[in-house]
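Read the structure below first, then the notes.
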Amino acid sequence: MVRQVVDGDTVILDGGERVRLLGIDAPEGKRVRKLKGGKKRLVPAQPFFVEAKRHLRDLTAGKRVKITVGEPAVGYYGRTLAYLHLAGGASAGADVQQELLRRGYAMVTSYPPNIRHLRTYAKTEAEACRAGRGIWGHPHFALQVLKDGAEIRHGRGRVEGVVTSVARTDVDIRVALNDRLTLLIARGAWRRFWRGQEAESMIGERLIARGKIRASGKNKTMRIRHPFMLRTRPCEAWPAGA
């Protein structure tokens, strides 16, 4: 049974187990970000954080749920990674992640091997995106189009740009968008999901990449783990050829 809802994608069960919902990422609450030199900065909550948390609470608080753990079963922060379904009442069997995606209160994430419901979730998200529901109608989550001089927001989001170069290292393939954002694709992931495709064939293509943008000095990178994270249209349910 769900005892407490922490945010839009995390709950605490009766026994104290903290469960992070697999397959989605909901807006984040306010948090403290550590900066260089030991300084700290308060980052405000993202739009729709309150709505996502409230909807998850309405769906699950005080109700029996069934969890299906992922692989691995425990994440970096010690939370159980699992899919969550309602286990009793008229809504028994309902997929909680699907409900959040349908309202536009979360976006789909793809972390292999935990991609069991990825195609289904992608379809639901695409419908919410086309309808402009929730986060999909808010400027904070709008598609970032790479332009000279335009700032690139950090954190999770979507970025559109043209592939300007491809480089290879011993561990990954590096795809540059507009020479401003580098997409990092592990060689193992490339062999598994892009089998038979030459990375250089993407040069000149306009792509939309989705994931977490990280900064290291002037360099900005995004880790790409699955073809779902690369597409050619903003509200595409599934990338062509994947």
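The values are calculated or read from the model by the stated rules, or taken from the named source; none is laboratory data. All figures in this text were calculated on a predicted structure; none of them were measured in a lab. Every residue, glycine as well, gets a Cβ built from its backbone with ideal geometry; the counts of neighbours run over all protein chains shown. For accessibility, only protein heavy atoms count, side chains too; no ligands or nucleic acids. Shrake-Rupley method; radii C 1.70, N 1.55, O 1.52, S 1.80 Å.
General remarks:
- Selected residue [out of contact with any helix residue (DSSP H, G or I) (no Cβ under 7 Å at 6 or more places or on another chain) and at pLDDT 90 or above] from A90, A82, A52: A82
- Boolean, A106 is modelled with pLDDT of 95 or more, crowded, with 17+ Cβ neighbours inside 10 Å and touching a strand residue (DSSP E or B) at 6+ places or on another chain (Cβ under 8 Å): yes
- Where L146 falls short, out of the listed (1) without any contact (Cβ under 8 Å) to a residue 12 or more places away in the chain; (2) closer than 30 Å to K30 by Cβ; (3) surrounded by 14 or more Cβ atoms within 10 Å (Cβ to Cβ); (4) not β-branched (V, I, T): (1)
- G204 falls short on exactly one of the conditions (1) assigned to a strand (DSSP E or B); (2) of a type in the set (G, A, S); (3) touching a residue at least 24 places away in the same chain (Cβ under 8 Å), and that condition is (1).
- Members of the range 133-142 that are modelled with pLDDT of 95 or more and among the hydrophobic types (A, V, I, L, M, F, W, C): I135, W136
- Selection over the range 53-112 of residues that are in a loop (DSSP other than H, G, I, E, B), touching a residue at least 60 places away in the same chain (Cβ under 8 Å) and not aliphatic (A, V, I, L, M) gives a count of 9.
- Sole exception among (1) basic (K, R); (2) under 22 Å from A237 (Cα atoms); (3) assigned to a loop (DSSP other than H, G, I, E, B) for R158, by number: (3)
- Test: residue in the range 36-52 that is open to solvent by less than 70 Å² (accessible area, probe 1.4 Å), farther than 17 Å from R156 by Cβ and free of Cβ contacts under 8 Å to residues at least 40 places away in the same chain: yes
Yes or no, residue by residue, for (1) without any contact (Cβ under 8 Å) to a residue 24 or more places away in the chain; (2) farther than 30 Å from V69 by Cβ:
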position: A126; (1), (2): no, no
position: E151; (1), (2): yes, yes
position: R158; (1), (2): no, no
position: V163; (1), (2): no, yes
position: D170; (1), (2): yes, yes
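- Residue in the range 192-206 that is aliphatic (A, V, I, L, M) and under 20 Å from the mean Cα position of the chain (by Cα) present: no
- Hey, Y76 among the aromatic types (F, W, Y) and within 18 Å of F228 (Cβ to Cβ) or not: no
- Every residue from the range 1-15 that is assigned to a loop (DSSP other than H, G, I, E, B) and in contact (Cβ under 8 Å) with a residue 12 or more places away in the chain: M1, G8, D9, D14
- When R153, R130, R180 are screened for being more than 26 Å from V5 (Cα to Cα), open to solvent by 50 Å² or more (accessible area, probe 1.4 Å) and at pLDDT 95 or above, only R130 passes.
- Restricting the range 183-224 to residues that are open to solvent by 80 Å² or more (accessible area, probe 1.4 Å) and touching a strand residue (DSSP E or B) at 6+ places or on another chain (Cβ under 6 Å) leaves a set whose member that is farthest from F141 (Cα to Cα) is I203.
- Scan the range 156-177 for residues that are at pLDDT 90 or above and either open to solvent by 40 Å² or more (accessible area, probe 1.4 Å) or among the β-branched types (V, I, T) (or both) and the total you get is 14.
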